[in-house]
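Everything on this sheet refers to the single structure shown next.
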Amino acid sequence: MEWRLGRIRQAVILEYLSLGWLAVEVIGSVGVGLLSGSLALLAFGGDSLIEIMSGVVVTLHLKRDSSGSGGLGEGTARLTKFLLVGLFPIIGGGALYSYSAGIRPEPSLLGVAVALGAVAIMSVLWVQKRRIGRETNCAPLSMDAVQSATCFLMSVALLGGLLANYLLGIIWADYIATAIILGFVAKESLEAFSMARPSRAPATAA
């Protein structure tokens with residue numbers, strides 16, 4: 001029991017680090033995205049904003065759990081799933097706006113720096129959250145690890161699109177990166193929605 005509480009306290013520290021970096025992602029991605037007209041950066045910033053809200057919920061649960069008063073947090077897990085599903089309309093709405101407004105993204109070295117930081121940091125957070133979530137059987141932390149994994153994959157796609165635009169002047173690479181990000185979000189949203197459905201136990205013979 002004491003070992004589990006110690007691991008949960010470590011997870012709280014991870015969540016604080018995660019929230020700090022996600023705040024940098026939101027400010028950097030949205031700020032640079034608005035200046036450069038990069039939809040991929042704006043979409044990535046929207047993802048990071050949702051992850052902050054999810055991270056706050058998970059952190060509150062973990063702090064309660066670390067005091068010995070928490071359980072598996074099924075209600076918290078449902079809320080984190082709902083927030084994950086909420087990523088899709090944010091990015092989809094941004095894509096529709098960009099297409100209708102005819103936005104042409106400009107190359108951005110600052111955007112490349114944000115994406116590089118996300119690739120490095122989110123990969124570590126993803127692995128550590130998943131490990132502690134499995135060890136402690138903490139459903140909200142495991143779901144948050146899925147979001148960190150999604151953010152890592154998004155950041156790889158973002159980095160590729162930004163580098164193609166910055167180094168080669170391929171403007172449409174930004175839109176490809178956005179489509180990939182949207183695909184990741186759609187996949188994770190559908191999986192979260194299906195996991196939220198209650199399962200029916202088979203009837204047993206008397």
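The values are calculated or read from the model by the stated rules, or taken from the named source; none is laboratory data. Please read these numbers as outputs of a predicted model, since none were measured by experiment. Positions of Cβ are generated from backbone atoms using ideal geometry, with glycine treated the same way; all protein chains shown enter the neighbour counts.
Scoring Thr178 on the criteria (1) modelled with pLDDT of 80 or more; (2) surrounded by 15 or more Cβ atoms within 10 Å (Cβ to Cβ); (3) over 21 Å from Met53 (Cβ atoms); (4) within 15 Å of the chain's Cα centre (by Cα) leaves a single failure, condition (1).
To keep it simple, each residue is scored yes or no on (1) at pLDDT below 70; (2) among the aliphatic types (A, V, I, L, M); (3) in a helix (DSSP H, G or I); (4) surrounded by fewer than 17 Cβ atoms within 10 Å (Cβ to Cβ).
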residue	(1), (2), (3), (4)
Leu14	no, yes, yes, no
Ala23	no, yes, yes, yes
Gly46	no, no, yes, no
Thr59	no, no, yes, no
Leu62	no, yes, yes, no
Gly70	yes, no, no, no
Thr76	yes, no, yes, no
Thr80	yes, no, yes, no
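Among the residues of segment 32-44, those identified as part of a helix (DSSP H, G or I) and in contact (Cβ under 8 Å) with a residue 12 or more places away in the chain are Val32, Gly33, Leu35, Ser36, Leu39, Ala40, Leu41, Leu42, Ala43, Phe44. Of all the residues in segment 149-175, those that are under 30 Å from Arg131 (Cα atoms), modelled with pLDDT of 85 or more and hydroxyl-bearing (Ser, Thr, Tyr) number 1.
Could you tell me whether segment 99-118 includes any residue that is in a helix (DSSP H, G or I), within 14 Å of the chain's Cα centre (by Cα) and surrounded by 22 or more Cβ atoms within 10 Å (Cβ to Cβ)? Yes, the conditions are met somewhere in segment 99-118.
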